[in-house]
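Report on one structure; see the data block that follows.
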Amino acid sequence: MSNAKLPVKKGKSEEASSGGSMDFVTMTIANQLFGIPVLQVQDVLGHQRITRIPLAPPEVAGSLNLRGRIVTAIDVRLRLGLPGRQKDKPEMSIVVDLRGELYSLIVDSVGEVLSLSTDDFERNPATLDARWREVSTGIYRLNNQLMVVLDVSRLLNFANLEAA
Amino acid sequence: MDDLLSEFLTETAENLSVLDVELVRLEQNPNNPELLSNIFRLVHTIKGTCGFLGLPRLEAVAHASENVLGKFRDGTLHITPGAVSVILRSLDTIKGILAVLEATEAEPPGDDSALIALLHEVEEGKEVSASASAPLPPKAPKAAAKAPLVMRPQPDLDIDFEPVRAAKPEPEPEPEPVKAAATKREVVVAEPVAHEAPPERDSGVDPRESAPKESAVAAQTIRVNVDLLENLMTMVSELVLTRNQLLQILRSQKDSEFAAPLQRLNHVTSELQEGVMKTRMQPIGNAWAKLPRLVRDLAHELGKKIDLQMLGADTELDRQVLELIKDPLTHMVRNSADHGLEIGADRLKSGKPETGRVTLNAYHEGGHIIIEISDDGRGLDLEGIKRKAISNGLATESEITAMTDQQIQQFIMKPGFSTAAKITSVSGRGVGMDVVKTNIEKIGGTIEIKSTKGRGSTFIIKIPLTLAIVSALIVECAGERFAIPQISVVELVRAAADSEHTIERLKGTPVLRLRNRLLPLVSLQTLLKLETVEGGSDDETFIVVTQVGTYTFGIMVDRVFDTEEIVVKPVAPILRHIEMFSGNTILGDGSVIMILDPNGIASGSGNISLGESRGSEATAVQTARQDEKMALLLFMAGGGAPKAVPLSLVARLEDVDMSSIELSNGHPVVQYRGKLMPLVPIDPCFSQSGEGRQPVLVFADGDRSMGLIVDEILDIVEEKLLVQLAAERPGYMGSAIIAGKATDVLDAGFYLTQAYKDWFGSSGTEAFEEDKVHRVLLVDDSPFFRNLLTPLLSVAGYSVTTVPSAIDALGLCEAGESFDVIVSDIEMPGMTGLEFAAAVRNGSRWQDTPLVALSSHASPRDLDRGRAAGFDDYVAKFDRDALLYTLSQTLSAHKGAA
């Protein structure tokens, strides 16, 4: 039964189609759960000393030194159109690799790695905030909450953002 | 050993080993034209170089082989193992000669006529057919014909065995020297049938030398993949950063036991860094080596006289970059010589020397390498380009009209534009320019065109050094640190309330007086939109005096730290659009820091905005194109409309304490820098009894200065000055619209003579004071300048006649007027100064009258251009002293000559 269903599901969710399940690093931003495919994640960092970059887009928090490599830090909150983080709140970062460049995504907290069945995957609802829809590939229905899958390349595509 | 020779040996050894392999492949795939042409090219290269180096023996052998290969290539000769063998044999002979060459630096004596004859026979198709059709029985007749050939049929050679033989170190005192070579032949040919053994003996080569052994010279140099060097460089960069970090830690720990080893590490790292850098650097002259020949040949072919000048050939640049720009450079030089320069007769007609000039100039500037290719030819044909662009659909007519000349010229870089332009013989320029542009942009460079019709074109290639270790000055502004490449930093000035230098503001625009000049300042904080940190800024500011091209400005920062060696790393792609930064790096303390790009700052600040596509291109272009505009100082004085005076006439701006004004000889004076400076109020009702401070414009000349008291300094603007209403009062030139307001333009000369009656008469004019009054003809389309210069020159003792155009001037010439010297503007509507000069020089009555050019841009290039047109000297507008000095010099020189 479920076997018969699977191909249909697959067709629906092109990006997350690698089979029965996928692993995601989860994180929370403003109490919403997000996920990034685990293979794209290089590092998880605590609070870092960040050099601000003047004139950069507001979403770019600055750059930091990760073991001798310069990593551009992105404030995901601002990227998602959420209010900025309060100074005293803790922050964590997920370092991802995009075409050879490292980016550090600043989020509120990083959770565990979840292995999720593609059966629970669903495309973004059409009514989702346009900004979120743009950077997300879809939604996973978890038991007690929903997880938004972030597409790293779209998340870091600022040119689109400026054009919009 | 001669560098050239050793390079030749290395290269040829390499080529030969490639040839060995390729020939064998060819034999297996006789129908592979690509392979064949590659082989032909290699042999051809060897032949060519031999001829060049004066090695007749090598050349003869290579030439004969080349002929055979040529026939192969043309398909007139079939490729047969026999023929290939003969060629391989000649290669062996070449190797033998090379070995001797390497040892003795001279070709060994000897005779290759046998081999060459054999090759000729192959060429004629004789032997080939024979050995190809009947490979098994050794061709006795052939061998007989070639007495020296030793026949060595080895029909059942074991191939596996052979390589061992061949690889064996040869130089044994061989009783049968042919054997080694012969066996080798079989291996290579992979067709163990009967073959003639190479007649090494007979070719006069020492058997030992003939043995296929590694060339010693070739062993001294190795070719390394550039990627490997690139990797090394990256590693070294990282090492440098790590070292910096360690040194930083060391600095904070006194008496550390790590001090000594770290010091050592420091030195070794520096040396390593230098060494690795060196491996990649080559003088650009290497890429130019072939150009003189190319230009010479072109000159012959086209019937032109061309003088190729190459400047800065020792400018070093990254080898990889060098390789990539080699072809574009060659292409552009060819373009300049071919299409840029006119033929001799045309040049003479337009008043230029018959010999055209193509100049290559390379230099480092601000972390970039600049390569200029310029010619003094006809320049780009703008009209033609416009027509082409419209007909090619690249732009509409209305778009074109809105474009600057610069933008229109850019069209020649568009793909497909070139050929079309050539067919219509518009100017011919731009053949393959799109390819050139693409190649240069591939390595992150830019290309810029400057062209003036009739005066030539200049292409400026700017290649950034993307991966380089540079020394940078670390500064702080609003709590953030930035690095400024040391190369563009001229000096540091500390400005504070208690120091000699203070920052003044002209309507909010900060300026600094620096050695009698006003230095425009850029606030880094404002520019980068940094937030002020509380408690951070005390009254102290540091000014980093920075130079970009010819433009010097100051960057205001809060603190200046150390200089540090940094590795420029490119910024993340999402930040590339920010022009203020050229990259970022990691400092010794592990923090990330942004590297400021002085070019970007220059273009991002103030009025120096440049065309959108060219971003940070040299500000020099800007000044050149803005020739009509000038910087004006706006101020209020004596009520009424704002007043304006050319900024370049003003030496300094001062704030004078009114109570310090004294009266001397009935005139107000103030003690200024240990001297008395007369003050002249613009406002006739000015009373000096006032309190407080009053702004004063200081005009200086030599050791004299005078102050013009004004009420308030308003602004500095760049405006086109068009005096619209003639002045009805003394002291004014007239009125103009400046910054949208009616403004009185001050006649500075009037006030200067109020302070010193002899203001203009004293300097530089002594040389001919006793002489008769010299007559000066002033040609300038701008009434402002005629008004400005007439009193100036009159006071200096000249009799001045002014005309508003070159045509009028020529009219005076025809009318029989004569002058001692002619001063002419360059940019004039109708006939330009250069055309005027050419006309004057070209057999007019005035052809012996000295000509002085007056122009708002006086770069060396303009100077050259002016001289070429017939001007005796070139003076920048506004440079009063220079003008007077030049006039007196020109006149006395002329008198001396006459």
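The values are calculated or read from the model by the stated rules, or taken from the named source; none is laboratory data. The structure displayed is predicted, hence computed values, not measured ones. All Cβ positions, even for glycine, are placed from backbone atoms using ideal geometry, and neighbour counts span all protein chains on display. Each accessible area value is taken on the protein alone, full model and side chains, heavy atoms only, with ligands, DNA and RNA left out. Shrake-Rupley method; radii C 1.70, N 1.55, O 1.52, S 1.80 Å.
For B:Val656, the residues whose amide H sits under 5 Å from its own are B:Gln694, B:Val696, ignoring neighbours fewer than 5 places away on the same chain, with H placed 1.01 Å from N. With 25 Å as the limit, the listed pairs B:Lys507/B:Lys675; B:Lys462/B:Lys569; B:Lys304/B:Lys462; B:Lys290/B:Lys569 have B:Lys507/B:Lys675; B:Lys304/B:Lys462; B:Lys290/B:Lys569 beyond it between alpha carbons.
In terms of distances greater than 29 angstrom between alpha carbons, the cross-link table entries B:Lys388/B:Lys437; B:Lys349/B:Lys388; B:Lys254/B:Lys529; B:Lys388/B:Lys450; B:Lys278/B:Lys326 yield B:Lys254/B:Lys529. With a 1.4 Å probe rolled over the protein heavy atoms of all chains, the accessible area of B:Phe258, B:Phe635 falls in the order B:Phe258, B:Phe635, largest first. Restricting the calculation to Cα atoms, every distinct pair contributes to the Kirkwood radius of the range B:633-674, found to be 12.7 Å.
The accessible surface of the range B:1-128, taken with every protein chain in place and a 1.4 Å probe, is 53 percent carbon and sulfur.
The rule of thumb for compact globular proteins, 2.2 N^0.38 Å, goes into the C-alpha radius of gyration of the range A:2-163 1.06 times.
Fully extending the segment from B:Ser256 to B:Ser398 would add 43.9 nm, taking 0.36 nm per residue of separation and subtracting the current Cα-Cα distance. The ellipsoid equivalent to the alpha-carbon distribution of the range B:226-281 has semi-axes of 27, 10, 7 angstrom, derived from the gyration tensor eigenvalues as √(5λ) and listed largest first. Maximal additional length on extending the B:Met658-B:Asp307 stretch stands at 120.0 nm, based on 0.36 nm per residue less the C-alpha distance. Interface A-B: total buried accessible area of about 1900 Å², 1.4 Å probe, protein heavy atoms only.
Note on the range B:553-594: Kirkwood radius taken over Cα pairs, Stokes-Einstein applied at 4 °C and 1.567 mPa s, translational D equal to 108 µm² s⁻¹. Scalar couplings 3J(HN,Hα) for the range B:833-839, obtained by applying the Karplus form with A = 6.51, B = -1.76, C = 1.60 to θ = phi - 60°, are x, 5, 5, 4, 4, 4, 5 Hz; x denotes Gly and Pro.
The distance between label points at B:Asp227 and B:Leu492 comes to 4.4 nm (points 7 Å beyond Cα on the Cα→Cβ vector).
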